[in-house]
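J.: Structure below; questions to follow.
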Amino acid sequence: MTLHTQSVAQLSQLLSQGTVSSTELTEHFLKRIESLDSDINSFITVNRDGALKQAQMADKQRADGLAGPLTGVPIAHKDIFCTQGIKTTCASRMLENFIPPYESTVTANIAAAGMVNLGKTNMDEFAMGSSNETSFFGASRNPWNTNHIPGGSSGGSAAAVAAALAPIATGTDTGGSIRQPAAHTGLTGIKPTYGSVSRWGMIAFASSLDQAGPMATSAEDAALLLNTMVSHDNRDSTSVAHPNSDFLTKLNTPISGLRIGVPASFFSADLDSEVGDAIQLAISQLQQQGAVIVPISLEMNQHALSAYYVIAPSEASANLSRFDGVRFGHRCEDPKDLKDLYSRSRSEGFGAEVQTRILVGTYALSAGYYDAYYRKAQKLRRLIKDDFEQAFKQVDVILAPTTPSTACKLGEKFGDPAKMYLEDIYTLAVNLAGLPAMSLPCGMAKGLPIGMQLIGPAFGEANILHLGHQFQQHSDWHKQRAPIALQEVSA
Ligand code: GLN
């Protein structure tokens, strides 16, 4: 049996039947990473010894009758989550040698569920980017075609799962960083409602937008992992108690009568026709399954990009001020004085994109410009949120493309922010409004996956996972695997 192409739900069953042990499963994935990741560059750190220890513990828990559904299942974590004793770099030179003394809530919850941490995945530096090309450790590549980007910023997590180097992974999404790479690699990824998943121990980019979530090969697997990720945490001041604690219960109900809103403005000239056609086919399929399609308007979405690229850099400029070479991060050699220490440490430690964002953010927040930029962006943010609230009076879920096109070639948009930032035109508004949204595969064009986005009202994760799962019961886009995922590795 090919272990690495099984879903998490299937692996969970194999473990509970005793067909495979967690130690065997972990060894299997570690061997795949060690033999195949040189082409994909999806891991920054492989946690071989730690993973095997966790796997042994999981096997013992199972033998003692204490196993839960995820006990012994391997996972990969984006290198933005602090993991105690394991290097956590955020793909930056600034944190090249940072070994956290504590564990993030997300990774702690997942470890408490018995999952095995295979290692830390590549990403855009400090999660700023849409292609993984801003990583200090080199770009990760798309397993469907290694000349193409896997998307970003959770590109390493996406590539690792799409190449079957891990059965599932964590990601974070500030403006699209779970959904866009999921779309580009044929995965199912969900960004939960703001406040559902604790940000404690997750290195901050833009604190009012950042949210962690699962990246999986199906909606069912995403729901399984989300069950362990959602938790109320006093150490995150914006954490909330989620009204729903089990995202699996609703999955198998039919979707007849479900009202799906389709915003016309998301199908404009920016959208590639092959992506648009795939989304239209998915819409017809859902209609056949009994969903009711309702045209809606989300006109404020056109302002999401401008608002986001003021708010996110502003928050980043504040969050990243802690990396000064004194309290945290890289310190330059032989500083002449304090000013030289700060400026050289930060210039050497941060890459170009991060420095750009810090400059933009500092400018937008500075006296005299605050009203013109930051305050205005916050007003737009409110209008965007109101727009969604109006729409959710008429519909249960909103359906849209995740990205305007399939994954571009490496280097194609890198260095041209005007082009790169457009990757996220369909995902940013959701973060500004704090809503849950997922991307799932709905087609292919020239050998590369196409993603569709399902957006829910606040705390409506169960609705979108339900719709996603029902779509996947009637389609097999999510079952298509990149060639490298089918490649066997000799023992
Ligand atoms: N691509 C967007 C940016 O660079 C979103 C990143 C993210 O969601 N972390 O800001």
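J.: Restricting attention to the stretch 10-21, does a residue exist that is within 28 Å of Ser131 (Cβ to Cβ), of a type in the set (Ser, Thr, Tyr) and without any contact (Cβ under 8 Å) to a residue 60 or more places away in the chain?
T.: Checked the stretch 10-21: no residue is within 28 Å of Ser131 (Cβ to Cβ), of a type in the set (Ser, Thr, Tyr) and without any contact (Cβ under 8 Å) to a residue 60 or more places away in the chain.
J.: Among what's in the stretch 416-460 and is of a type in the set (Gly, Ala, Ser) and within 15 Å of the ligand (Cβ to nearest atom), pick the residue that is farthest from Ile178 (Cα to Cα). Before you say what the answer is, go through the steps one by one.
T.: Going residue by residue through the stretch 416-460, those that are of a type in the set (Gly, Ala, Ser) are 418, 429, 433-434, 437, 439, 443, 445, 447, 451, 456, 458, 460.
Pick out the ones that are also within 15 Å of the ligand (Cβ to nearest atom) and you get 418, 429, 433-434, 437, 439, 451.
On the way: Ala418: 21, Ala429: 14, Ala433: 16, Gly434: 14, Ala437: 10, Ser439: 8, Gly451: 12 Å.
Top of the filtered list is Ala418.
J.: Hey, could you check the stretch 74-107 for residues that are among the charged types (D, E, K, R) and assigned to a loop (DSSP other than H, G, I, E, B) and say which is nearest to Cys332 (Cα to Cα)?
T.: Filtering the stretch 74-107 for residues that are among the charged types (D, E, K, R) and assigned to a loop (DSSP other than H, G, I, E, B), the one nearest to Cys332 (Cα to Cα) comes out as Glu96.
J.: Taking the stretch 416-463, which residues are of a type in the set (Lys, Arg) and either touching a Cys at 6+ places or on another chain (Cβ under 9 Å) or surrounded by 24 or more Cβ atoms within 10 Å (Cβ to Cβ) (or both)? Step through it out loud before you land on a result.
T.: To start, the set of residues in the stretch 416-463 that are of a type in the set (Lys, Arg) comprises 419, 446.
Passing the criteria: only Lys419.
J.: Is it the case that the stretch 221-234 has a residue that's closer than 14 Å to Ala462 by Cα, among the hydrophobic types (A, V, I, L, M, F, W, C) and surrounded by fewer than 20 Cβ atoms within 10 Å (Cβ to Cβ)?
T.: Within the stretch 221-234, none of the residues are closer than 14 Å to Ala462 by Cα, among the hydrophobic types (A, V, I, L, M, F, W, C) and surrounded by fewer than 20 Cβ atoms within 10 Å (Cβ to Cβ).
J.: If Cys332 meets every condition in (1) under 25 Å from Ser439 (Cβ atoms); (2) touching a Ser or Thr at 6+ places or on another chain (Cβ under 9 Å) apart from one, which number is that one?
T.: The number of the failed condition is (1).
J.: Kindly provide the set of residues from the stretch 81-104 that are of a type in the set (Val, Ile, Thr) and within 17 Å of Phe205 (Cβ to Cβ), ordered by number. So that I can check it myself, show each step before the final result.
T.: Keep residues of the stretch 81-104 that are of a type in the set (Val, Ile, Thr), which gives 83, 86, 88-89, 99.
Those that are of a type in the set (Val, Ile, Thr) and within 17 Å of Phe205 (Cβ to Cβ): Thr88, Thr89.
J.: Take Phe136 and decide whether it is touching a helix residue (DSSP H, G or I) at 6+ places or on another chain (Cβ under 9 Å), aromatic (Phe, Trp, Tyr) and either within 16 Å of the ligand (Cβ to nearest atom) or farther than 22 Å from Tyr421 by Cα (or both). Break it down into steps so the answer makes sense when it comes.
T.: On the way: touching a helix residue (DSSP H, G or I) at 6+ places or on another chain (Cβ under 9 Å): yes; aromatic (Phe, Trp, Tyr): yes; either within 16 Å of the ligand (Cβ to nearest atom) or farther than 22 Å from Tyr421 by Cα (or both): yes.
It is true that Phe136 is touching a helix residue (DSSP H, G or I) at 6+ places or on another chain (Cβ under 9 Å), aromatic (Phe, Trp, Tyr) and either within 16 Å of the ligand (Cβ to nearest atom) or farther than 22 Å from Tyr421 by Cα (or both).
J.: Still on this model: Only one of (1) within 13 Å of the ligand (Cβ to nearest atom); (2) more than 11 Å from the chain's Cα centre (by Cα); (3) not charged (D, E, K, R) fails for Gly213. Which number is that?
T.: (2)
J.: Here are Asp59, Asp39: which of them is in a helix (DSSP H, G or I) and farther than 25 Å from Leu486 by Cα?
T.: Working: Asp39 fails: farther than 25 Å from Leu486 by Cα.
Answer to the selection: Asp59.
J.: Against the condition more than 26 Å from the chain's Cα centre (by Cα) and crowded, with 19+ Cβ neighbours inside 10 Å, how does Asp59 come out, does it pass? Give the derivation first.
T.: Working: more than 26 Å from the chain's Cα centre (by Cα): yes; crowded, with 19+ Cβ neighbours inside 10 Å: yes.
Criteria met by Asp59.
J.: Given the residues Phe247, Phe266, which is the only one that is aromatic (Phe, Trp, Tyr) and either touching a Cys at 6+ places or on another chain (Cβ under 7 Å) or not in a helix (DSSP H, G or I) (or both)? Write out each step before concluding.
T.: On the way: Phe266 fails: either touching a Cys at 6+ places or on another chain (Cβ under 7 Å) or not in a helix (DSSP H, G or I) (or both).
Just one listed residue meets the conditions, Phe247.
J.: Inside the stretch 332-357, can you point out the residues that are surrounded by 15 or more Cβ atoms within 10 Å (Cβ to Cβ), in a loop (DSSP other than H, G, I, E, B) and not small (Gly, Ala, Ser)?
T.: The answer is Cys332, Pro335, Phe350.
J.: Look at the stretch 304-358 and say how many of its residues are within 16 Å of the ligand (Cβ to nearest atom) and either at pLDDT below 95 or not polar (S, T, N, Q) (or both). Break it down into steps so the answer makes sense when it comes.
T.: First, the residues of the stretch 304-358 that are within 16 Å of the ligand (Cβ to nearest atom): 304-320, 350-358.
Now restrict to residues that are either at pLDDT below 95 or not polar (S, T, N, Q) (or both): 304-305, 307-313, 315-316, 318, 320, 350-354, 357-358.
Number satisfying all stated conditions: 20.
J.: Give the number of residues within the stretch 292-329 that are of a type outside the set (Ser, Thr, Tyr), touching an Asp or Glu at 6+ places or on another chain (Cβ under 8 Å), part of a helix (DSSP H, G or I) and surrounded by 20 or more Cβ atoms within 10 Å (Cβ to Cβ).
T.: Restricting attention to the stretch 292-329, the residues satisfying the condition of being of a type outside the set (Ser, Thr, Tyr) are 292-296, 298-305, 307, 310-313, 315-316, 318-320, 322-329.
With touching an Asp or Glu at 6+ places or on another chain (Cβ under 8 Å) added as a condition, the list becomes 298-301, 305.
Of the ones still in play, those that are also part of a helix (DSSP H, G or I) are 299-301, 305.
Filter again for surrounded by 20 or more Cβ atoms within 10 Å (Cβ to Cβ), leaving 300-301.
Selection size over the stretch 292-329: 2.
J.: Right, another one. Looking only at residues in the stretch 163-188 that are hydrophobic (A, V, I, L, M, F, W, C) and either surrounded by fewer than 24 Cβ atoms within 10 Å (Cβ to Cβ) or over 11 Å from Ile450 (Cα atoms) (or both), which one is farthest from the ligand (Cβ to nearest atom)? Reasoning before the result, please.
T.: Step one: filter the stretch 163-188 for residues hydrophobic (A, V, I, L, M, F, W, C), giving 163-166, 168-169, 178, 182-183, 187.
Subset that is either surrounded by fewer than 24 Cβ atoms within 10 Å (Cβ to Cβ) or over 11 Å from Ile450 (Cα atoms) (or both): 163-166, 168-169, 178.
Details: Ala163: 21, Ala164: 24, Leu165: 22, Ala166: 20, Ile168: 19, Ala169: 15, Ile178: 7 Å.
Selected residue: Ala164.
J.: Being crowded, with 24+ Cβ neighbours inside 10 Å, in contact with a helix residue (DSSP H, G or I) (Cβ under 9 Å, 6 or more places away or on another chain), of a type outside the set (Phe, Trp, Tyr) and without any contact (Cβ under 8 Å) to a residue 60 or more places away in the chain: is that true of Ser196 here? Give the steps one after another, and end with the answer.
T.: On the way: crowded, with 24+ Cβ neighbours inside 10 Å: yes; in contact with a helix residue (DSSP H, G or I) (Cβ under 9 Å, 6 or more places away or on another chain): yes; of a type outside the set (Phe, Trp, Tyr): yes; without any contact (Cβ under 8 Å) to a residue 60 or more places away in the chain: no.
Answer is no for this residue.
J.: Identify, please: which residue in the stretch 389-415 is crowded, with 21+ Cβ neighbours inside 10 Å and within 13 Å of the ligand (Cβ to nearest atom) and is, among those, farthest from Leu258 (Cα to Cα)?
T.: Taking the candidates together, the pick is Thr403.
Residues are listed down the side, and each one gets a yes or a no for (1) more than 19 Å from the chain's Cα centre (by Cα); (2) farther than 28 Å from Leu251 by Cα; (3) outside any helix (DSSP H, G or I); (4) among the small types (Gly, Ala, Ser):
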residue	(1), (2), (3), (4)
Phe392	yes, no, no, no
Ala400	no, no, yes, yes
Ala429	no, no, no, yes
Pro449	no, no, yes, no
Gln453	no, no, yes, no
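J.: Hey, another quick one. Would you check which residues across the stretch 96-128 are within 14 Å of the ligand (Cβ to nearest atom) and in contact with a helix residue (DSSP H, G or I) (Cβ under 6 Å, 6 or more places away or on another chain) and list them? Give the steps one after another, and end with the answer.
T.: Filtering the stretch 96-128 for residues within 14 Å of the ligand (Cβ to nearest atom) gives 121-128.
Selection gives Thr121, Asn122, Met123, Glu125, Phe126, Met128.
J.: For the stretch 358-375, give me each residue that is buried (at least 16 other Cβ atoms within 10 Å of the Cβ) and of a type in the set (Lys, Arg).
T.: None - no residue of the stretch 358-375 is buried (at least 16 other Cβ atoms within 10 Å of the Cβ) and of a type in the set (Lys, Arg), so the list stays empty.
J.: Would you confirm whether or not the stretch 264-279 contains a residue that is touching a residue at least 60 places away in the same chain (Cβ under 8 Å), farther than 24 Å from Leu467 by Cα and among the aromatic types (Phe, Trp, Tyr)?
T.: no
The values are calculated or read from the model by the stated rules, or taken from the named source; none is laboratory data. Everything quoted here is computed from the prediction, not taken from an experiment. Glycine gets a Cβ as well: all are built from the backbone with ideal geometry, and neighbour counts include every protein chain shown.
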